[in-house]
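Q: Dropping the structure in here first, questions after.
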Amino acid sequence: MLKCIVAGLGGRGRHWVSEIKQRDDCEVVAGVEPMAANRKKAMDEQGLAVEILFNSLDEAIENCEADFVLDVTPPSVHREVAEKAFAAGLHVIGEKPLSDDFAVAKSMMEAGKSAGLTHMITQNYRFTAFPRTTRKLLQQGIIGRPEQCDVQFYMPWADIPGSHYVTQPYMLINDMMIHHFDLIRYVLQVNPVSVQAITWNHSWGWHQGDAAHVIYFEFPDNLHATHVSCGCAVGSKTSWNGNWRIEGPKGTIEWGKEKMVRSHLHRTDASVEEEITPLDVPAPGKAILDEFLAAIEEDREPECSAEDNLNSLRMVFAAIRSAKEGRRVELEEIG
């Protein structure tokens, strides 16, 4: 049984504690949390004993035997957590984003590889049924080779007055879009070569940084993707995954909140539509831990490895640079 230190016991950290407690192949041997209120919630809600709760990762590493660290700290702290874990010979699975600085993210990835340890990022959206079904259908050629992918996202996102989500610039792209950009890469199975982003705010919005955008990604071989978003939507909402439409020479795959559909033109030019039954997949939390633990046991790179995740993070930073500078940005500019 693998032993885990959970670094960060806020709401998301306690969620991961609950996920691990449901398993029989790993256990929480320590929790790290500087805030007394969060430590108390972890004891009251997840049943963690006070003896295994520590103020710092250094204390946890010194006082318990562990195999990996589950990092649920703020992005600015991820490098410190990763470096200490790798120095102690511990694998790392961390919440997105890998870092809020691309150069730092790259150095973290290189540190994990140099140490020969598994380093995975929890891109949970890609482990849900619609994206995994879509990827499989595209591999099977159900609509031929796709050449256009359009994603729409409308949500009252981060309505948290005074939080960094509201006060800092480009936070919709910086925090939320790593999910969708990773999904685009995952579903289409290719990395973009350039991006053009236009961002703005609405008069009724609550964000100081731009929370609406149109972003265009160009891929090799005449493949194009757009992402349209309004983070201060007050009408009907999309799902958190967004609404998707993928165009190919043999038809279209579409999905949103409730169903997935394939449509194509019959020889009479009448559109034929058929609902697709999504794959039966495990819940994302379970699937992510399954993949991480299997990668450790099999000594292989996991899906959503830090190295692979740099490609999704590069899309984020390239889109922000494009918005700031008002120009098309080549992905290779980011490093």
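Q: Which residues, counting only those in region 53-79, are buried (at least 19 other Cβ atoms within 10 Å of the Cβ) and aliphatic (A, V, I, L, M)?
A: Leu53, Leu57, Ala60, Ile61, Ala66, Val69, Leu70, Val72, listed by residue number.
Q: List the number of the failed condition for Ala82; all other conditions in (1) over 11 Å from Ala7 (Cβ atoms); (2) surrounded by 16 or more Cβ atoms within 10 Å (Cβ to Cβ); (3) in contact with a helix residue (DSSP H, G or I) (Cβ under 8 Å, 6 or more places away or on another chain) hold.
A: Of everything listed in (1) over 11 Å from Ala7 (Cβ atoms); (2) surrounded by 16 or more Cβ atoms within 10 Å (Cβ to Cβ); (3) in contact with a helix residue (DSSP H, G or I) (Cβ under 8 Å, 6 or more places away or on another chain), Ala82 misses just condition (1).
Q: Specify the residue that is farthest from the chain's Cα centre (by Cα); the eligible residues are those in region 202-249 that are assigned to a loop (DSSP other than H, G, I, E, B) and without any contact (Cβ under 8 Å) to a residue 24 or more places away in the chain. Steps first, answer last, please.
A: We begin by selecting, within region 202-249, every residue assigned to a loop (DSSP other than H, G, I, E, B); these are 202-211, 220-222, 231, 233-242, 249.
Checking the rest, the ones that are also without any contact (Cβ under 8 Å) to a residue 24 or more places away in the chain come to 203, 239.
Numbers: Ser203: 29, Ser239: 15 Å.
Once the filter is applied, the top-ranked residue is Ser203.
Q: For region 224-247, what are the residues that are of a type in the set (Ser, Thr, Tyr) and within 20 Å of Val166 (Cβ to Cβ)? Don't jump to the end; show me each part of the working.
A: Initial filter on region 224-247 (of a type in the set (Ser, Thr, Tyr)): 226, 229, 236, 238-239.
Ser229 - this is the single residue of region 224-247 that is of a type in the set (Ser, Thr, Tyr) and within 20 Å of Val166 (Cβ to Cβ).
Q: Could you list all residues from region 85-94 that are at negative phi and surrounded by fewer than 14 Cβ atoms within 10 Å (Cβ to Cβ)? Steps first, answer last, please.
A: The first filter runs over region 85-94 and keeps only residues at negative phi, leaving 85-88, 90-94.
If the condition is that a residue be at negative phi and surrounded by fewer than 14 Cβ atoms within 10 Å (Cβ to Cβ), then Ala87 is the only one that fits.
Q: Starting from region 1-25, take each residue that is more than 12 Å from Gly94 (Cβ to Cβ) and list its partners that are surrounded by fewer than 16 Cβ atoms within 10 Å (Cβ to Cβ) and acidic (Asp, Glu), counting only C-beta distances under 7 angstrom and pairs at least six apart or across chains.
A: Short answer, once both residue conditions are applied: Met1/Asp25; Met1/Glu27; Leu2/Asp25; Lys3/Glu27; Lys3/Glu65; Cys4/Glu27; Arg14/Glu45; Ile20/Glu27.
Q: So how many residues does region 318-328 have that are in a loop (DSSP other than H, G, I, E, B) and either hydroxyl-bearing (Ser, Thr, Tyr) or out of contact with any Ser or Thr (no Cβ under 9 Å at 6 or more places or on another chain) (or both)? Lay out the reasoning, then the answer.
A: Of all residues in region 318-328, those in a loop (DSSP other than H, G, I, E, B) come to 326-328.
Then keep just the ones that are either hydroxyl-bearing (Ser, Thr, Tyr) or out of contact with any Ser or Thr (no Cβ under 9 Å at 6 or more places or on another chain) (or both); that gives 326-327.
Within region 318-328, residues that are in a loop (DSSP other than H, G, I, E, B) and either hydroxyl-bearing (Ser, Thr, Tyr) or out of contact with any Ser or Thr (no Cβ under 9 Å at 6 or more places or on another chain) (or both) number 2.
Q: Let me ask something else. Going by the conditions given, is Ile320 among the β-branched types (Val, Ile, Thr), in contact with a Pro (Cβ under 7 Å, 6 or more places away or on another chain) and buried (at least 20 other Cβ atoms within 10 Å of the Cβ)?
A: no
Q: Taking region 301-317 as the search range and keeping residues that are outside any helix (DSSP H, G or I) and charged (D, E, K, R), which one is surrounded by the most Cβ atoms within 10 Å (Cβ to Cβ)?
A: Taking region 301-317 as the starting set, the residues that turn out to be outside any helix (DSSP H, G or I) are 301-305.
From the residues that got through so far, the ones that are charged (D, E, K, R) too are 301, 303.
On the way: Glu301: 15, Glu303: 18.
The selected residue is Glu303.
Q: What residue, among those in region 26-52 that are in a strand (DSSP E or B) and free of Cβ contacts under 8 Å to residues at least 40 places away in the same chain, is surrounded by the fewest Cβ atoms within 10 Å (Cβ to Cβ)?
A: Restricting attention to region 26-52, the residues satisfying the condition of being in a strand (DSSP E or B) are 26-32.
Subsequent filtering for residues that are free of Cβ contacts under 8 Å to residues at least 40 places away in the same chain retains 27-32.
On the way: Glu27: 14, Val28: 23, Val29: 18, Ala30: 23, Gly31: 27, Val32: 27.
The residue in question is Glu27.
Q: Identify, please: which residue in region 142-174 is β-branched (Val, Ile, Thr) and over 20 Å from Val261 (Cβ atoms) and is, among those, modelled with the highest pLDDT? Steps first, answer last, please.
A: First pass over region 142-174, keeping only residues β-branched (Val, Ile, Thr): 142-143, 151, 160, 166-167, 173.
Now restrict to residues that are over 20 Å from Val261 (Cβ atoms): 160, 166-167, 173.
Working: Ile160: 90, Val166: 94, Thr167: 94, Ile173: 97.
Restricting to residues being β-branched (Val, Ile, Thr) and over 20 Å from Val261 (Cβ atoms), the top hit is Ile173.
Q: Then there is this: Are any residues in region 62-91 closer than 15 Å to Ala105 by Cβ and either without any contact (Cβ under 8 Å) to a residue 24 or more places away in the chain or not charged (D, E, K, R) (or both), and if so, which ones?
A: If we filter region 62-91 for residues that are closer than 15 Å to Ala105 by Cβ, which is where we start, we get 71, 73-83, 86.
Listed by number, the residues that qualify are Thr73, Pro74, Pro75, Ser76, Val77, His78, Glu80, Val81, Ala82, Phe86.
Q: I would also like to ask the following. Do we have Val195 as among the β-branched types (Val, Ile, Thr), closer than 28 Å to Asp308 by Cα and surrounded by fewer than 20 Cβ atoms within 10 Å (Cβ to Cβ) here? Steps first, answer last, please.
A: Details: among the β-branched types (Val, Ile, Thr): yes; closer than 28 Å to Asp308 by Cα: yes; surrounded by fewer than 20 Cβ atoms within 10 Å (Cβ to Cβ): no.
The answer is no for Val195.
Q: Taking the criterion of being within 18 Å of the chain's Cα centre (by Cα) and either in the same structural domain as Gln140 (by TED's automatic domain parsing) or not polar (S, T, N, Q) (or both), would at least one residue in region 291-299 satisfy it? Show your work before the answer.
A: Initial filter on region 291-299 (within 18 Å of the chain's Cα centre (by Cα)): 291-292.
Adding the requirement that they be either in the same structural domain as Gln140 (by TED's automatic domain parsing) or not polar (S, T, N, Q) (or both) leaves 291-292.
Yes, some residue in region 291-299 is within 18 Å of the chain's Cα centre (by Cα) and either in the same structural domain as Gln140 (by TED's automatic domain parsing) or not polar (S, T, N, Q) (or both).
Q: Looking at region 110-121, is at least one residue closer than 23 Å to Val316 by Cα, out of contact with any Lys or Arg (no Cβ under 8 Å at 6 or more places or on another chain), among the hydrophobic types (A, V, I, L, M, F, W, C) and surrounded by fewer than 22 Cβ atoms within 10 Å (Cβ to Cβ)?
A: yes
The values are calculated or read from the model by the stated rules, or taken from the named source; none is laboratory data. Owing to the predicted nature of the structure, the values given are computational and were not obtained by experimental measurement. Here Cβ is always computed from backbone atoms with ideal geometry, including for glycine, and neighbour counts include all displayed protein chains.
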